[in-house]
Amino acid sequence: MSKTHFGYQSVDEAEKASKVAEVFHSVASKYDVMNDLMSFGLHRLWKKVTIARAQVRPGQKVLDIAGGTGDLAKAFAQAAHYGTNADAQVWLSDINASMLGVGRDRLLDDGLALPCVQFDAEKIPFPANYFDVVTVAFGLRNMTHKEVALAEMLRVIKPGGRVLVLEFSKPDEFLKPIYDAYSFKVLPWLGEKIAQDAESYRYLAESIRMHPDAETLKEMMLAVGFDEVDTHRMTGGIVALHIGMKY
């Protein structure tokens, strides 16, 4: 059986999805609190940039993959005029039932009854050329076959559509010593104190190191068929936003 990485571990490909699922079942209830603490609130700024660059317009169809607690989907629903424009569709999706449930409940608390669907991004259950915008924020690095998932995202967007991938990346050289110390010492400590789960946050740090850098990810997106890919590194390269276009 083929092997893949789970953080720094080598595991059977068939095992990875279940191991990632265990991580997110564990952290779902504390997900946003931990994100705020870990990033000093910067994850909200990164997502705001992603929302702005998505350029969702009234009546468009949007799919948010690995949508977590629903913050992107909420913004897209507002931009698409979901509920008042009959053509507008905004779907919240995740492979993990616990995360999807948290996102669904949060959206309902905000008065938004968005459609929610659980699926593996390597097999998106929508027809080709269906969506105007597809987004995935901090979810691609957890996928076993990233190229397959990216090709699926490309398949389901219309000509003229865009796929936005917001993900951790490789920081500038001068930041690496500080970033490494923070990632491997502070993050697990925070995970233990706040979420009672140090191991999941140790996996987070390892999974970031195993994810391709910004230029490599751009080349991956072009290789699966995107016609153009714009790359935007943020916060010294700690994260990168890739925007793939289909003509």
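The values are calculated or read from the model by the stated rules, or taken from the named source; none is laboratory data. Because the structure is a prediction, the values reported are computed rather than measured. Counting neighbours? That spans all protein chains shown, and the Cβs are built from the backbone with ideal geometry, glycine included. The accessibility values were calculated without ligands, DNA or RNA, using every heavy atom of the protein model including side chains. Shrake-Rupley method; radii C 1.70, N 1.55, O 1.52, S 1.80 Å.
Pairs exceeding a 25 Å alpha-carbon distance, out of 48/246; 176/246; 3/185; 74/158; 3/48: 176/246; 3/185; 3/48. In sequence order, segment 189-195 has phi-based couplings of 5, 4, x, 5, 6, 9, 10 Hz under the Karplus curve 6.51 cos²θ - 1.76 cosθ + 1.60, θ = phi - 60°, and Gly or Pro positions carry x.
For the chain, adding -39500 (n - 2.57) for each run of n ≥ 4 DSSP H residues and dividing by the number of residues yields -13500 deg cm²/dmol at 222 nm.
Expressed as a fraction of 2.2 N^0.38 Å, the C-alpha radius of gyration for segment 88-182 is 1.28. Electrostatic tally near residue 161: other residues with Cβ closer than 13 Å to its Cβ, Lys and Arg +1, Asp and Glu -1, net +3. Helix 214-223 and the long axis of the chain differ in direction by around 40°, with both axes built from C-alpha atoms. Ordering 165-173, 67-75 by mean Cβ neighbour count within 10 Å, with the highest value first, yields 67-75, 165-173. Size descriptors for segment 129-247: radius of gyration and Dmax over Cα atoms are 15.8, 48 Å. For the chain, dividing the convex hull volume of the Cα atoms by the residue count gives 114 Å³ per residue. Only protein heavy atoms count here; under a 1.4 Å probe, residue 57 has an accessible surface of about 140 Å².
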